[in-house]
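K.L.:
The structure that follows is given in the form of structure tokens.
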Amino acid sequence: MFERIALIGIGLIGSSIAHDVRRLRLAAEITGYARSEATRSKAHELGLVDRVYPTAAEAVSGADLVMLCSPVGTYGDLAREIAAALRPGAILSDVGSVKGAVVRDVAPHVPAGVHFIPGHPIAGTEQSGPEAGFPGLFANRWCILTPLADAEPAAVERLAAFWRACGSNVDTMTPEHHDLVLAITSHLPHLIAYNIVSTAADLEEVTSSEVIKYSAGGFRDFTRIAASDPTMWRDVFLNNKEAVLEMLGRFSEDLSALQRAIRWGDGETLFNIFNRSRQIRRGIIAAGQDTAAPDFGRGQPNTGLNKPAGDR
Ligand code: NAP
């Protein structure tokens, strides 16, 4: 599909793309950029890239698909750095978990003749780094593209075909709508998980060894999400402020309603809310976005399809 794909950042997502490009022969060559020597040599050792560079500009040279795969807070500087090295006619895309801020930070640097098409594969795990990736991460997951109004339809279709080849279903929407949808489906759940783990860590009457010992009561399921990469998630919240605050406001109101129902012994309200939640879980399973099997965090690595759909 492509002559040369350049991966700017080779962590969980970048390395999973590399696995699929290799396995499915989606490009003749893969180049990569990573800032650390450790990641560069690991990417080479794992055969994720044909050539790996210490600068992003070197990595994108001659590539017809460039994929930004680092934390979203880095995209503006990276775009500025690679702009002059981008090949005319190339597609510049990304995998960032927010889209409005990516358009704001990247679009001003994109030279004429380069197709900038932001994207976000809704697939992931709480693991990070070049060893965390695996083939099939994107299979049966959605990938959202947020092309700008003047995007060339043929280039958008070419990128969509790439994600479909990785097994994804592709949707397109505006960056603003993406950020609202992901605020509730991904960003707020992460904030809640980080907060509940932090609350438990600060308790004095319940010891941390008790929290760990009795975590099977539900707590441990939040800890999986709360183990996600801190840099990535810091950047998500700093770059999707408005949508997250909007959803957080609604969440707080609903939490107050639950608090009131508990205080006043309103079992009917509690039952109705819990029952509706169960239906939503069933809908997710029916849509193939999770399995009904109990997940004790024991999914086999490298079997992608059996892993819980994490983010994002
Ligand atoms: P990751 O495993 O932590 O890998 C991040 C990569 O970015 C590493 O190669 C790292 O380089 C590089 N990097 C970090 N800080 C950098 C900086 N300041 N300048 C240049 N490079 C830097 O992250 P990931 O999970 O693959 O996430 C990458 C992107 O995918 C993020 O934008 C995230 O929002 C998005 N995303 C993540 C998920 C998920 O579930 N994790 C799902 C969908 C989309 P070193 O290794 O050299 O430090």
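K.L.:
Please work out if HIS44 is in contact (Cβ under 8 Å) with a residue 24 or more places away in the chain, assigned to a helix (DSSP H, G or I), open to solvent by 40 Å² or more (accessible area, probe 1.4 Å) and more than 21 Å from PHE116 (Cβ to Cβ).
P.N.:
It is false that HIS44 is in contact (Cβ under 8 Å) with a residue 24 or more places away in the chain, assigned to a helix (DSSP H, G or I), open to solvent by 40 Å² or more (accessible area, probe 1.4 Å) and more than 21 Å from PHE116 (Cβ to Cβ).
A quick yes/no check of all residues on (1) away from the ligand (no atom under 13 Å from the Cβ); (2) over 14 Å from TYR33 (Cα atoms); (3) open to solvent by 50 Å² or more (accessible area, probe 1.4 Å); (4) of a type in the set (Phe, Trp, Tyr):
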| position | (1), (2), (3), (4) |
| --- | --- |
| GLU58 | yes, no, yes, no |
| ALA63 | yes, no, no, no |
| VAL66 | yes, no, no, no |
| PRO71 | no, no, no, no |
| LEU78 | no, no, no, no |
| GLY89 | yes, yes, no, no |
| VAL110 | yes, yes, no, no |
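K.L.:
Determine whether GLY9 is more than 23 Å from the chain's Cα centre (by Cα) and either open to solvent by less than 30 Å² (accessible area, probe 1.4 Å) or away from the ligand (no atom under 13 Å from the Cβ) (or both).
P.N.:
Taking the combined requirement at face value, the residue does not satisfy it.
K.L.:
Take segment 123-140 and flag every residue that is within 13 Å of the chain's Cα centre (by Cα) and either buried (at least 23 other Cβ atoms within 10 Å of the Cβ) or in a strand (DSSP E or B) (or both).
P.N.:
ALA123, GLY124, THR125, GLY133, LEU137, PHE138 - these are the residues of segment 123-140 that are within 13 Å of the chain's Cα centre (by Cα) and either buried (at least 23 other Cβ atoms within 10 Å of the Cβ) or in a strand (DSSP E or B) (or both).
K.L.:
Hand me the list of helices (runs of 4 or more DSSP H) wholly inside segment 220-297 holding 3 or more residues that are outside the structural domain of GLY73 (by TED's automatic domain parsing) and touching a residue at least 24 places away in the same chain (Cβ under 8 Å).
P.N.:
Here the list reads 230-239, 241-263.
K.L.:
Which of the residues spanning segment 96-108 are among the aliphatic types (A, V, I, L, M), in contact with a Pro (Cβ under 6 Å, 6 or more places away or on another chain) and either open to solvent by 10 Å² or more (accessible area, probe 1.4 Å) or not assigned by TED's automatic domain parsing to the domain that holds THR55 (or both)?
P.N.:
The answer is VAL103, and nothing else.
The values are calculated or read from the model by the stated rules, or taken from the named source; none is laboratory data. These numbers were taken from a predicted model, which means no experiment stands behind them. With ideal geometry, Cβ positions are generated from the backbone for all residues, glycine too; neighbour counts draw on all protein chains shown. Accessible surface areas use protein heavy atoms only, side chains included; no ligands, DNA or RNA. Shrake-Rupley method; radii C 1.70, N 1.55, O 1.52, S 1.80 Å.
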